[in-house]
Amino acid sequence: MCTSIKRKLFFLIILLGTYTVHAQYKWAAGAMYLPGFVFGHRDDSRNLEAHTQGFEISISKLDHSTKYFSKYYKRAEVGFEFIYLDLGQPKLSGKVYGLGTNFQFKIAGRKTNHLALRLGTGVGYLTKKFDIETNRQNMAIGSNWNGNIQLALLYNAQLTPKINLKTGLGITHYSNGSIRTPNLGINVPSLFVGLQTGIIKLSKSGLDTSSIIKPERKRHELLLNYAYKEKFFANPRTFHIFNAAYRYNKSINPIRQWYLGTDLVWDPTHPYSYFLSDPNPRVGIDNSTELGVLIGHRFDLGKFSMLSDIGFYLLNPYQTKYFTYQRLGFRYSLSKNLFLNTTLKIHFGTADYFEWGLGYTFNKFKK
């Protein structure tokens, strides 16, 4: 990051700290400095390792008193941010310009000084990607536009009634979910250091919470997911992937639950990955069907939910994938029984593909 950008960021943080703030706000604004490094999680991406620098400018909604989840997520924030990152190698990896959203809530500590968990997602434009003629050493990113997933632990300290300091550690992953190859993805662990200030005051009038409705929990879920994937960057070829899945949910409390499940997946890339010398291998049910079992966890935020799970293959044709897989993603409830689903399937830090689907929830199987 050049000296002029650092100077502008410094003055922006100082400016945010000069606002006169009160005890409670509907909204807050903030800025953070993000020093870190690119972590090469595969041999093909180690040449991209470098120190990174960047910043984030955000606006966050602080008042969720009319939402049911506010009883359980203390000091909750829903944020919207612009992110800039210099990935440290101008000719290979370039820079990132991103937009995202995040959810942050207290997990330990007091009201004014506490440790918070932050979960985020969004999109990023990476200025440098793989090009077979001009940038063939970048094997991590095959497209300019990528999705991102972020996880961070932040410590919030109230320095004065006017200023909140936020510091912590986090990691951001950029990937296109194999929509374009290559797609090893870029992982950026970083520090978070910044300030936040309230910008819109919360009305002192009492809030009517009588209309808040406790969400109805369903034990069983059936899902149908679709994914699109590209392989072979020298001669790209597209594949369509389908997944039929079941989940059994066990509530921890009204906004968190564990689940067990199974995945039955048809992925025609298996024979192509195994018979590399054959441009058109036989693709059938017997050599392209995966079966997996999984355990997962879900955070509920009204109609939105955040998912994470880990699965293990019982069927894995030709053993072309690792024995275990992971997922991160989101869902949105359309009605009491229907929901939309989007997740990123991962194998030890390497994205396999994005899934999109429709799910149905219910309490009992009919006899």
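The values are calculated or read from the model by the stated rules, or taken from the named source; none is laboratory data. This structure is a prediction, so every number in the text was calculated from the model and none was measured. Because the Cβ atoms are built from the backbone with ideal geometry, glycine has one as well, and the counts that use them run over all protein chains shown.
Worth pointing out:
- Pairs where the first residue, in segment 248-259, is acidic (Asp, Glu) and the second is at pLDDT 90 or above, C-beta under 7 Å, 6+ apart: none
- Within segment 50-67, residues that are assigned by TED's automatic domain parsing to the domain that holds Lys106 sit with their Cβ atoms under 9 Å from residues that are among the acidic types (Asp, Glu) and in a loop (DSSP other than H, G, I, E, B), at 6+ positions apart or across chains, in these pairs: Thr66/Asp208.
- Selection status of Phe55, closer than 27 Å to Phe130 by Cα, aromatic (Phe, Trp, Tyr) and surrounded by 20 or more Cβ atoms within 10 Å (Cβ to Cβ): yes
- Taken together, Ser65, Ser60 contain a single residue that is among the hydroxyl-bearing types (Ser, Thr, Tyr) and surrounded by fewer than 16 Cβ atoms within 10 Å (Cβ to Cβ), which is Ser65.
- Within segment 24-52, considering residues that are of a type in the set (S, T, N, Q) and surrounded by fewer than 20 Cβ atoms within 10 Å (Cβ to Cβ), the one farthest from Ile346 (Cα to Cα): Gln24
- Restricting attention to segment 72-103, the residues that are surrounded by 20 or more Cβ atoms within 10 Å (Cβ to Cβ), charged (D, E, K, R) and modelled with pLDDT under 95 add up to 1.
- Condition met for Ile199 (part of a strand (DSSP E or B), modelled with pLDDT under 95 and more than 21 Å from Phe330 (Cβ to Cβ)): yes
- Considering segment 104-147, and only residues there that are in a strand (DSSP E or B) and among the hydroxyl-bearing types (Ser, Thr, Tyr), the residue that is surrounded by the most Cβ atoms within 10 Å (Cβ to Cβ) turns out to be Thr121.
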